[in-house]
Each structure stands twice: as structure tokens, then as C-alpha cells.
Amino acid sequence: ESKNKTQIELENLRKKIRFLTSETQKPNHFVIHRNEYIFVGIVAAFVLRFLFKNSSLNGSNNLSNWIALGITSLTHFIQEHVTDPFRGIISELLLNRKNATLNEKILA
């Protein structure tokens, strides 16, 4: 019975330790600095709005040209640095698989 009692006490102690560690864990970086991030975001929004309102691009066709140029350059970048390398990797893997099956057929 004393063994059972000590096991119960040990289990209660473990539960208390689990509770304390969950309550006293260090919060992550975003939780610690969330007020600063919110403040910087609001200030950045006002600064960008001020710059847009007072820039020479406001109401001109240059802004739409810049947006179109940005979209085309972004699509070219994605195609050149993401899509084409993946296509090359996939074709190489398929080629290696075909060569492996051919070698198995030759050796069999």
C-alpha cells in the first residue's frame, strides 16, 4: 500500500510540474514584440499613403505602367528561377527512372 501511495504522490507531483511548466513557458518572438509590429505597420501605412498622395505618379499612367512592368518581370522571374528548374529536375528524374528500368530489362 505504501508503494501505491508513493506512486500516487509521484503522479500528483508530475501533474503539478507539467502545469507549472506550461504556465511559465517563454512566449515566442512575435508575442513579445507584437505592439512594436502593430505600431510599425500603422506608421508604414501612413508613410506609404503620404508618399503616394504627394508623388508625381498620382493620377498618371506611369503608375499603371510600373504595375504592368512589375507583373511581367515577376512572372519572368518565377518562370526562370522556379518553374524551369523544377521542370529540369522532373525530366531528369524521369529519365533516370527510364534508364534504370531499361538496365533492369537488359540485365534480366
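The values are calculated or read from the model by the stated rules, or taken from the named source; none is laboratory data. Predicted model only: the values in this text are computed from it and were never measured. Surface areas here come from the heavy atoms of the whole protein model, side chains and all, with no ligands, DNA or RNA. Shrake-Rupley method; radii C 1.70, N 1.55, O 1.52, S 1.80 Å.
A few points about this structure:
- Answer residue from the range 96-108, given it is open to solvent by less than 100 Å² (accessible area, probe 1.4 Å) and among the hydrophobic types (A, V, I, L, M, F, W, C) and is nearest to the chain's Cα centre (by Cα) among those: 100
- Residues in the range 21-42 that are at pLDDT below 80 and open to solvent by 100 Å² or more (accessible area, probe 1.4 Å): 23, 24, 25, 26.
- Considered as a group, the residues in the range 65-81 that are among the aliphatic types (A, V, I, L, M) and open to solvent by 60 Å² or more (accessible area, probe 1.4 Å) include one that is nearest to the chain's Cα centre (by Cα), and that residue is 78.
- Scan the range 43-64 for residues that are at pLDDT 70 or above, assigned to a helix (DSSP H, G or I) and open to solvent by 90 Å² or more (accessible area, probe 1.4 Å) and the total you get is 6.
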